[in-house]
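Below is one structure; the comments refer to it alone.
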Amino acid sequence: ITAHRQIWFSTNINSFSVSQKNKIEEFITHFDKQEKSRWTDEYSDQRPFITIYNLIASENARARKIAKAFEENNIDGDLKFIDKHSKLSKINELLRLSNIQIMISIDNNENVKASKNCGQEYSIYELSDGERSALLIAANVLTAPENSLLIIDEPERHLHRSITSSLLTQLFAQRGDCAFIISTHDVTLPLDSPKARTILVRGCTIGSSTAQTWDVDLVPDSMDIDDSLKRDILGARRILLFVEGDGGSLDKPLYSLVFPQVSVIAKANCREVEDAVRAIRDTQNLQWVQAFGIIDGDCHTAADRERLKHKGIYAVPFYSVEAIYYHPEIQKRIADRQASFNGANATELFEAAKEAGMRAIKGSKKSLIECIVTVKARQAVMAQLPDKDKIKNKADINININLCKIIDNEENNFELYLKNGNFEKLLAIYPIQKSQTPSEIAKKLLFQSCDNYEGAVLKLLKDETDALTFVKDLFGSLADEIAKTSQPSSSITSQEASP
């Protein structure tokens with residue numbers, strides 16, 4: 001059942017004779033064994049008609065068996081071997097369970113009809129693409145010969161995934177005599193069939209217009225991780241890089257450019273990043289998957305960074321990813337590009353942006369310091385929480401935090417960095433995205449908004465290798481660790497893969 005299947009009917013189903021139908025099936029069987037059937041279909045017009053023809057034929061054959069049993073008064077004998085439910089009634093039940101609200105029937109002239117809510121009947125020609133697709137897949141499977149191997153390519157075409165999953169699950173149950181191979185781009189389908197084996201096809205080697213070998217990974221039967229992480233693995237490359245953020249954050253587009261050889265997957269926060277990396281690295285039967293993580297700096301100490309690094313998690317050398325976009329080196333390069341476009345003076349643009357950035361940070365001194373003090377105070381509390389030994393010994397716990405000292409230190413440091421014009425240090429420590437700093441810098445570099453500026457940074461990294469290398473170097477050895485990560489794989493030849 002091909003992905004490029006035609007799901008409409010261009011001629012009348014009843015125009016086929018039995019001999020014509022059998023001849024066409026022979027042609028189709030012969031064609032499907034040829035290499036070119038991978039990319040073209042010479043019988044796309046006939047396939048849907050053959051499917052519906054077989055459905056009608058199965059209904060007629062069943063009716064004849066029932067009639068014969070009654071005529072020969074052998075109800076207790078022959079009827080025992082006739083399925084209680086016809087294939088047509090099974091299809092209607094499958095459609096109902098898949099939330100497709102249509103009923104299929106066959107009239108006296110052997111025309112296949114559809115209706116909704118017991119309303120007026122109409123031709124199946126007029127069904128929606130999704131309805132016809134579901135009907136044809138179900139009819140194909142239910143009318144297949146016993147003990148068939150059914151290969152269904154991209155069943156999700158024209159169908160919502162909730163319908164595809166339900167439809168396939170029901171079909172598997174109906175045809176326990178058959179074996180199924182499902183080829184899909186919907187990574188959630190394997191999760192809905194836990195008894196199935198899953199193969200991730202990484203690549204294919206073509207020789208003389210023939211597929212010679214496939215590079216694949218066999219997913220283990222059991223993975224002791226949650227479904228969300230399974231979905232990440234099934235839809236990704238062999239190397240996964242978990243980062244903070246969501247679909248609209250600045251993290252994923254930046255890291256996808258810096259580390260193009262990996263799948264970058266966004267998680268809501270640093271805890272989820274750490275949990276995902278740890279879960280994959282601790283699962284023994286997932287050795288073909290390599291996981292790394294990037295989290296925001298968030299006041300992590302040097303000891304914290306080193307501890308995380310040993311676990312494959314790298315902390316951004318700044319409070320948050322915004323600091324990379326607004327780093328002085330990146331600002332300077334953007335200023336050069338802006339000057340080349342409109343004739344402005346690049347040095348003047350850069351100096352104006354830097355001055356505006358420092359001024360905006362100074363104006364947000366109170367809120368920025370409060371933010372850092374809050375983080376450090378919480379860290380101090382967490383560091384003094386009782387461990388198992390203290391609880392076992394029933395020792396009293398007194399948590400004491402010198403909040404005034406933390407505030408004084410932060411205020412002194414803030415003033416020192418301002419006085420020295422150390423913009424990079426301010427980026428490393430404070431959440432500049434919570435101030436007007438980004439918008440002031442973007443404005444001085446002749447951008448209408450932060451979004452425009454940040455888009456220009458991504459374009460810069462796409463265009464200039466030096467700029468990309470600069471950002472990559474901010475993460476220390478992460479790029480080298482990814483590059484040297486082994487990627488074990490399985491190679492299957494076309495002969496070995498033959499059914």
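The values are calculated or read from the model by the stated rules, or taken from the named source; none is laboratory data. Please read all numbers here as calculations on a predicted model, not as lab measurements. Note that we place each Cβ from the backbone using ideal geometry, even for glycine, and neighbour counts take in every protein chain shown. We work out accessible area using only protein heavy atoms, side chains counted, and drop any ligands, DNA or RNA first. Shrake-Rupley method; radii C 1.70, N 1.55, O 1.52, S 1.80 Å.
Go through the stretch 211-229 and report how many residues are touching a residue at least 40 places away in the same chain (Cβ under 8 Å) and surrounded by 15 or more Cβ atoms within 10 Å (Cβ to Cβ). Summing the residues that are touching a residue at least 40 places away in the same chain (Cβ under 8 Å) and surrounded by 15 or more Cβ atoms within 10 Å (Cβ to Cβ) in the stretch 211-229 gives 9. For the stretch 136-150, the criterion of being modelled with pLDDT of 90 or more, surrounded by fewer than 16 Cβ atoms within 10 Å (Cβ to Cβ), under 23 Å from F16 (Cα atoms) and not basic (K, R) is met by at least one residue. Taken over the stretch 310-358, the criterion of being under 30 Å from A279 (Cβ atoms), without any contact (Cβ under 8 Å) to a residue 40 or more places away in the chain and assigned to a helix (DSSP H, G or I) is satisfied by H310 alone. Residues of the stretch 249-259 that are among the hydrophobic types (A, V, I, L, M, F, W, C) and open to solvent by 20 Å² or more (accessible area, probe 1.4 Å): L250, L257. Here T283 fulfils each of the conditions (1) modelled with pLDDT under 90; (2) open to solvent by 30 Å² or more (accessible area, probe 1.4 Å); (3) of a type outside the set (A, V, I, L, M) apart from (2). When the stretch 418-477 is examined, which residues are found to be touching a Ser or Thr at 6+ places or on another chain (Cβ under 8 Å) and basic (K, R)? Residue satisfying the conditions is K434 alone. Criterion applied to I441, I361, I406, I401 was being out of contact with any Asp or Glu (no Cβ under 8 Å at 6 or more places or on another chain), of a type in the set (A, V, I, L, M), open to solvent by less than 80 Å² (accessible area, probe 1.4 Å) and outside any helix (DSSP H, G or I), and the one residue passing it is I401. In this structure, K267 does not qualify as open to solvent by 70 Å² or more (accessible area, probe 1.4 Å), in contact with a helix residue (DSSP H, G or I) (Cβ under 9 Å, 6 or more places away or on another chain) and basic (K, R). If you go through the stretch 163-189 and keep only what is crowded, with 16+ Cβ neighbours inside 10 Å, in contact with an Asp or Glu (Cβ under 6 Å, 6 or more places away or on another chain) and either of a type in the set (G, A, S) or not in a loop (DSSP other than H, G, I, E, B) (or both), you end up with T164, S165. Within the stretch 28-39, being part of a helix (DSSP H, G or I) and either in contact with a strand residue (DSSP E or B) (Cβ under 9 Å, 6 or more places away or on another chain) or of a type in the set (K, R) (or both) holds for E35, K36, R38. Quick one: would you say D246 is in contact (Cβ under 8 Å) with a residue 24 or more places away in the chain, open to solvent by 10 Å² or more (accessible area, probe 1.4 Å), among the acidic types (D, E) and assigned to a loop (DSSP other than H, G, I, E, B)? No; evaluated as a whole, the condition is false for this residue.
For the stretch 457-470, the set of residues classified as touching a residue at least 12 places away in the same chain (Cβ under 8 Å) and either under 26 Å from the mean Cα position of the chain (by Cα) or open to solvent by 60 Å² or more (accessible area, probe 1.4 Å) (or both) consists of V457, L458, L461, K462, L468, listed by residue number.
Of everything listed in (1) closer than 26 Å to S435 by Cβ; (2) open to solvent by 40 Å² or more (accessible area, probe 1.4 Å), the single unmet condition for V273 is (2).
Could you list all residues from the stretch 474-483 that are part of a helix (DSSP H, G or I) and exposed (fewer than 13 other Cβ atoms within 10 Å of the Cβ)? Result: D480, A483. Selection within the stretch 113-135: residues that are over 17 Å from T164 (Cβ atoms) and in a helix (DSSP H, G or I). The member of this set that is least open to solvent (accessible area, probe 1.4 Å) is I124.
Counting only helices (runs of 4 or more DSSP H) that fall entirely inside the stretch 40-111 and contain at least 2 residues that are without any contact (Cβ under 8 Å) to a residue 40 or more places away in the chain and farther than 18 Å from A138 by Cβ, the qualifying elements are 46-71, 75-78.
Candidates in the stretch 99-110 are the residues that are closer than 19 Å to P48 by Cβ and in contact with a helix residue (DSSP H, G or I) (Cβ under 7 Å, 6 or more places away or on another chain); of these, the one that is surrounded by the fewest Cβ atoms within 10 Å (Cβ to Cβ) is E110.
Taking the stretch 309-333 as the range and being farther than 23 Å from L368 by Cβ, surrounded by fewer than 20 Cβ atoms within 10 Å (Cβ to Cβ) and in contact with a Phe, Trp or Tyr (Cβ under 9 Å, 6 or more places away or on another chain) as the test, only K332 passes. Scanning the stretch 190-200 for residues that are of a type outside the set (G, A, S) and either surrounded by 14 or more Cβ atoms within 10 Å (Cβ to Cβ) or touching a residue at least 60 places away in the same chain (Cβ under 8 Å) (or both) yields P190, L191, D192, T198, I199, L200.
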